[in-house]
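The numbers here are math on the coordinates, done by the rules we state, and not lab data. Everything numeric in this text was worked out from a predicted model, so none of it was measured. Please note: Cβ atoms are built from the backbone with ideal geometry, for glycine as well, and neighbour counts cover all protein chains shown.
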Amino acid sequence: MNKVILLTGGGSAGHVTPNIALFPGLRDRGYELHYIGLEDGIEHRLISEQGDVQFHSIEAGKLRRYFSLKNLTDPLKVVKGISQAKALIRDIKPDLVFSKGGFVSVPVVMAAKGKCPIVCHESDFTPGLANRIASRYADKILVTFEDTLKYTGGKGIHTGTPIRRELFCGNSTSGLRFLGFSGEKPIILVMGGSLGAAALNDAIRASLYKLTQRFDIVHLCGKDKIDASIAVPGYRQYEYIGKELPDILAATTLIISRAGANALFEFLSLNKPALFVPLPKEASRGDQLLNAEYARRKGYSMVLPQEDITPERLMHDIDELNGNRRTFIERMKRDKTLDGTEAVLRCIDETVKNG
């Protein structure tokens, strides 16, 4: 009889892609895959592309740290979501629930308590609100950063974060062909997240003429952020890149990016020197600042605070990163914990085995 695993997580791609990274290994181990998320959440679209994963939807209330009238009604959605998740768990009979966080995961973890083992995974340096709640019900809490163990008590295990297999299978020749680059210049990949990063977009575009003298630039600028008025040789801009991303990464020399934990560890696992421009404290809960500082402290990357961005500072830091890139690469190659996929899978197997 197949083992059955029920995964959950949603609200953003960062709560879904690590789960997707586990699917090949779970299939290899004979697991039947089920997923609980929101019908209109990004997780439904991403999971529906995976073929053999059965998707189930529930309602869930968003967990807000700020005042909103919805804070009065969303607890009712949580209660309804718990009831829906309990019914699904009775039908699915999972051997384990694996939660990646996001507010949709809370009713699932609460419903699973006492029915099967629960394993949570926290990507960021400090646990998010949903995972802080879910951790009370979890048997184990897996973390990306070893420093995060101080928040998890005796349940914590440092595993790293799961990385999608396909990212390691890119072909640089195919990437160059897709981009129309010769490969004679080093390539910089600029990523501001799915919504783009205005400060980063503006700084790159203000520096284009100097940058493209020495580099080719691939700019993933975010939805509706393409500037059609720019016609600079050696500059390619896209809202989003899908299946071609592994090939583009294979062809990339340097990366400039926000510092979400999943993207950060994907770049480190691929041994790509990066200049991280973390989301500032006033626009977030500060996790990207901690993520980026961790990678800088390890000697794997550089950090450019958003408030310090100028075309001149950007050029200076890119030159420094490029000049020291071989040192950064060697340090990353020596760290065997950057890809946590197998460690997470081993923990799942052990938990199922021990019941």
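Computed quantities for the displayed model
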read-out: Residues SER182, SER83 arranged by fewest to most Cβ contacts within 10 Å; value: SER182, SER83
read-out: q = 0.12, 0.18 Å⁻¹: log10 I(q)/I(0) that the Debye formula gives for the stretch 166-334, counting C-alpha atoms only; value: -0.48, -1.19
read-out: Amide hydrogen neighbours beyond the local backbone of LEU7, cut-off 5 Å, H modeled; value: HIS34, TYR35, ILE36, PHE98
read-out: Gain in span if fully extended, ARG285 to ARG90, counting 0.36 nm per residue against the direct Cα distance; value: 66.6 nm
read-out: Amide H within-cut-off set for GLY170, under 5 Å, with H built and near neighbours excluded; value: none
read-out: J(HN,Hα) series, the stretch 335-348, from Karplus relation 6.51 cos²θ - 1.76 cosθ + 1.60, nearest Hz, glycine and proline x; value: 8, 8, 9, 5, 9, x, 4, 5, 5, 5, 4, 4, 5, 4
read-out: 5 Å-binned pair-distance histogram of the stretch 69-199 (Cα, whole percent); value: 2, 9, 14, 14, 13, 13, 11, 8, 7, 6, 3, 1
read-out: Unit Cα scatterers, Debye sum, the chain: log10 I(q)/I(0) for q = 0.08, 0.10 Å⁻¹; value: -0.40, -0.63
read-out: Cut-off under 5 Å, modelled amide H: who pairs with VAL104 long-range; value: GLY10
read-out: Selection from GLY355, SER57, ALA206 lying farthest towards where the dipole of the chain points positive, charges on Cβ; value: GLY355
read-out: Under DSSP loop assignment and at most 16 Cβ neighbours within 10 Å, longest GluC sites (Glu not before Pro)-free interval of the chain; value: 50-183
read-out: Student exercise, the chain dipole from Lys, Arg, Asp, Glu Cβ charges, in Debye to nearest 20; value: 800
read-out: For the stretch 255-263, Karplus couplings with θ = phi - 60° (6.51, -1.76, 1.60), whole Hz, Gly/Pro x; value: 10, 10, 7, 4, 10, x, 4, 5, 4
read-out: Neighbour-count order for SER99, SER174, fewest beta carbons within 10 angstrom listed first; value: SER174, SER99
read-out: Ranked list, fewest to most other Cβ atoms within 10 Å of each Cβ, for CYS347, CYS120, CYS169; value: CYS169, CYS347, CYS120
read-out: Listed residue pairs exceeding 23 Å between alpha carbons, taken from LYS210/LYS333; LYS86/LYS140; LYS113/LYS155; LYS93/LYS113; LYS3/LYS100; LYS3/LYS333; value: LYS210/LYS333; LYS3/LYS333
read-out: Within the stretch 175-285: Cβ-based charge dipole about Cα centre, in debye rounded to nearest 20 (Lys, Arg +1; Asp, Glu -1); value: 160
read-out: Rg(Cα)/(2.2 N^0.38 Å) for the stretch 132-202, N = residue count; value: 1.75
read-out: LYS336/ARG296 FRET efficiency (R0 30 Å; Cβ-Cβ; nearest 0.05); value: 0.90
